[in-house]
Structures are given as C-alpha cells and as structure tokens.
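Taking it in order: structure first as structure tokens, then the write-up.
The values are calculated or read from the model by the stated rules, or taken from the named source; none is laboratory data. Keep in mind that this is a model prediction, so the values were computed, not measured. Cβ placement follows ideal geometry from the backbone for every residue including glycine, while neighbour counts extend to all protein chains displayed.
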Amino acid sequence: MDIDQIRSQFPGTSSVTHLIASGAGLMPLPVTAAMSAHLELEQRLGGYEAHAARADELDAVYADVASLLNAQPEEIALLENATAAWCQAFYALPLKAGDRILTCEAEYAANYVAFLQRKKRDGIVIDVIPGTASGELDVQALEQMIDERVKLIAITWIPTNGGLVNPAEAVGRVASERGIPYLLDACQAIGQMPVDVQALRCDFLSATGRKFLCGPRGTGFLYIRKPWVSRLEPAMIDHFAAPWVASDRYELREDARRFENWENSYALRAGLGAAIRHAMSVGLERIQERAWELADYARTRIADIPGATVHDLGQRHCAIVSFTINGLDPAETVQSLRVQHINIGASQPSSTRLDAESRNLPALLRVAPHYYNTSDEIDVLIQALNTLRD
C-alpha cells in the first residue's frame, strides 16, 4: 500500500493526527468532491431539478451498497444513520408478549433501549447470551438458549469499544439452521473489513457511512434479505414507501425502499456512493490488514505507558483500542489532545452498559487508527499522552 498516495487523498491527514475512525473517519477527496458537485448543481438548478439531472447516478448508490455487502440493490434501503436503519428493521418485526430476543453482552445502547421499550410496550423478553472466557459471544451457549419462544437474535458485530470482534458468521449459521431472524449491527465493522451478507447469513444488517467507511455524517443503510422484504410492513410509512393508489388504499413498495421516506439529502447520498467506491478501489482486505496492524501497534505502545491499562477483549482484535491511564480523565484528555491537533475519543459506560458493569469499567479512552494513518502518528499520540500524564 502506497501510504503517501493514500494520504494524498485525505487532506485532513496534513493538519490533524486523526485516530478515531470509530467515531467519524476522515473523508477522502472523492467524497467531498461528489457532495460539492451536487450542492453546486442544486445551487444552479434547484433541488428537484438537480436530482432529476443526476437521478441515474444517485440511484446507482443502491448498487454501490449492494456490491459492498454482496447483496442485491432491491435489498438495500438508504437511511440517515445506522440507528435509523436498525430501528426500521427492529420495529417492523411483529414481536409479541413472551417472545424472546437473544442479544450479546456488548450490545450498543441505542439498540438496547429499543429492546427495553418493546419489553415495556409489547411484553417481550430480553435474554443476554454469555461471553466466552476471552470475551466473545459464546456460540455454544447461544445454541443451548434457543427454544420455540426465541423470535429474534440481534447482536452487535464490533462493539463501540473493547476491540472485540463477535463471531457474527457463526451466529448466522445458528440462526439460519434454526429459522430465527437475525439482525446484525455492523456499524463499526463496515469500512474496516470485508462484509459479506451471504457468508454472514443475516436477515437484516445496519451500518453507517461516517465511521470506517469514511463517508459523510447523516448517511446509513439497511440490508434486508429478499424474502423478508415482502413479509414486513414498516412501523411508519409515507407515500414513497407506500404509494396512495386509491382513496382507501396504499400499496407498499416491493423492494427494501419501503423502509425509506420521500425526502433525503441527495448530496450526502452522492458522498456515500463515492466513499463506498473509494474503499472498494483500495480493497477491504488491504484496509483491514493495515488498520488492524496499526491498532495492534497502538495497543503495544499504550500498554508500555506507566499506569495504562488496555481493556480490549477477544481472541483477535479489531481497529478499536480501549484503555485507561491512571490520573487522566478521558473527557479532559480528549479535549487536551484536540488542542494539539490529535484526535482520539472517549466512551462512557452507558454506551455498552452490560459489558461495562460486568467488567466494572470506568469511562474509557478510544483510539481507532485507519489505513490512512501511520505508526509515526501513533508515536506522536504516545508522546502526548506521556506528557499529559507527567
């Protein structure tokens, strides 16, 4: 990988040491160019007219997402973020009192509060799959927990902190063999590793554009396996999702776009498509290899800081590194480093409360290098952390 050529596509690398792709990755030139071009077209022609002029290109973004996931365009819905995508699938499922949901210890807060709402509203039961000794979801325990009342398996593939990679493909095998719907949160996975919905055997997958995919904020997407599209009615619809065909009747669209609504930002959509095409031109396997190697280097360097503890789980670690340093408040540390043009993140226990409480975790610092980063940038971070600690 020609890192100088790669970095030339990311102007932000010349002004900041950006080590938090798990929050929002730096955008490459093709992404901002695509958004700017569409905004300029809207400025010249008007919003509706700009969309009409570029309708074919903008509709091609469905094929871009499908190619990224090894899916079909009609299985893709474009939403404003990953949580909106996840909720469209979850709230469309006809769960009723007594139905069980199986989830993981590292489930993300936005998903878990949705579980709790349907528990309160619909009487569903939430059961948490225990982890193995190394921290991953225990697939054998999952199999033993399944009975006729289990109506959904919903897990986060890569949590927001902890470096963990859950065995999403093995979970998909179990769900498929037992005929149980499988909802996979791939928000932190997309863009840092290959994602193949056929290998995963998930029925639903949600993701964002802004993180490791290096797209714009305000973009996300939902994959729905084709047989499920016609089986589910969204919790909310408009006349794009369901055309008003008679005074007393509507008809839902036949594709996954029944989970969208009419109004959206076409400039952001153009940016999302550009981000996907850029990542695929580099190669997701190559991106994963470099990002994970840099994260491993960061773990080693952080562990050498006096008073530092790395809090990552799993037999293999992704490109998210979570740690604490005695005497350093995470929120204050993030702000102090930002003044020095070094960007990292912090994660509160409420983001992954089950995991945080089971491990008695405090607020954590997060570092998430991407393929456009260098080991020298990690060294800069380590020097700055040592200075703050002193």
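Structural remarks
- Which numbered condition residue 231 misses (of (1) free of Cβ contacts under 8 Å to residues at least 12 places away in the same chain; (2) in contact with an Asp or Glu (Cβ under 8 Å, 6 or more places away or on another chain)): (2)
- Qualifying residue in segment 233-255 (condition: more than 29 Å from residue 23 (Cβ to Cβ), modelled with pLDDT of 95 or more and in a helix (DSSP H, G or I)): no
- Segment 76-134 holds strands (runs of 3 or more DSSP E) entirely within its bounds, and those carrying 3 or more residues that are at pLDDT 95 or above, crowded, with 16+ Cβ neighbours inside 10 Å and in contact with a helix residue (DSSP H, G or I) (Cβ under 6 Å, 6 or more places away or on another chain) map to 76-79.
- Residues of segment 344-390 satisfying the condition of being free of Cβ contacts under 8 Å to residues at least 40 places away in the same chain and at negative phi: 346, 348, 349, 356, 357, 362, 363, 376, 383, 387, 390
- Check on residue 186, surrounded by 24 or more Cβ atoms within 10 Å (Cβ to Cβ), touching a Phe, Trp or Tyr at 6+ places or on another chain (Cβ under 8 Å) and either farther than 25 Å from residue 299 by Cβ or among the basic types (Lys, Arg) (or both): no
- From the list 252, 184, 232, the lone residue that is in contact with a Cys (Cβ under 6 Å, 6 or more places away or on another chain) and not acidic (Asp, Glu) is 184.
- Residue check, residue 356 assigned to a helix (DSSP H, G or I) and either surrounded by 21 or more Cβ atoms within 10 Å (Cβ to Cβ) or at pLDDT 95 or above (or both): yes
- A residue that is part of a loop (DSSP other than H, G, I, E, B), among the aliphatic types (A, V, I, L, M) and touching a residue at least 40 places away in the same chain (Cβ under 8 Å) can be found somewhere in segment 212-224.
- Residues satisfying the stated conditions in segment 220-248, i.e. among the charged types (D, E, K, R) and farther than 17 Å from residue 264 by Cα: 225, 226, 231, 233, 248
- Top-ranked residue of segment 140-181 - restricted to ones that are small (Gly, Ala, Ser) and modelled with pLDDT of 95 or more, ranked as nearest to residue 280 (Cα to Cα): 168
- In segment 119-137, the residues that are farther than 18 Å from residue 356 by Cα and free of Cβ contacts under 8 Å to residues at least 24 places away in the same chain: 119, 120, 121
- Qualifying positions in segment 141-165 - of a type in the set (S, T, N, Q) and farther than 27 Å from residue 310 by Cα: 144
- Which numbered condition residue 184 misses (of (1) of a type outside the set (Asp, Glu); (2) outside any strand (DSSP E or B); (3) at pLDDT 95 or above): (2)
- Residues that are hydrophobic (A, V, I, L, M, F, W, C), without any contact (Cβ under 8 Å) to a residue 40 or more places away in the chain and outside the structural domain of residue 193 (by TED's automatic domain parsing) are absent from segment 311-327 altogether.
- Residue count for segment 140-152, restricted to those that are within 16 Å of residue 97 (Cα to Cα) and of a type in the set (A, V, I, L, M): 2
- Of all residues in segment 10-27, those being touching an Asp or Glu at 6+ places or on another chain (Cβ under 7 Å) and under 22 Å from residue 218 (Cα atoms) number 1.
- Complete set of residues in segment 166-181 that are part of a loop (DSSP other than H, G, I, E, B) and buried (at least 24 other Cβ atoms within 10 Å of the Cβ): 166
- Failed condition for residue 314, given (1) touching a Gly at 6+ places or on another chain (Cβ under 7 Å); (2) at pLDDT 95 or above: (2)
- Qualifying residue in segment 214-221 (condition: more than 18 Å from the chain's Cα centre (by Cα), at pLDDT 95 or above and more than 20 Å from residue 95 (Cβ to Cβ)): no
- Strands (runs of 3 or more DSSP E) lying entirely in segment 302-352 (those with 1 or more residues that are surrounded by 18 or more Cβ atoms within 10 Å (Cβ to Cβ) and hydroxyl-bearing (Ser, Thr, Tyr)): 321-325, 345-347
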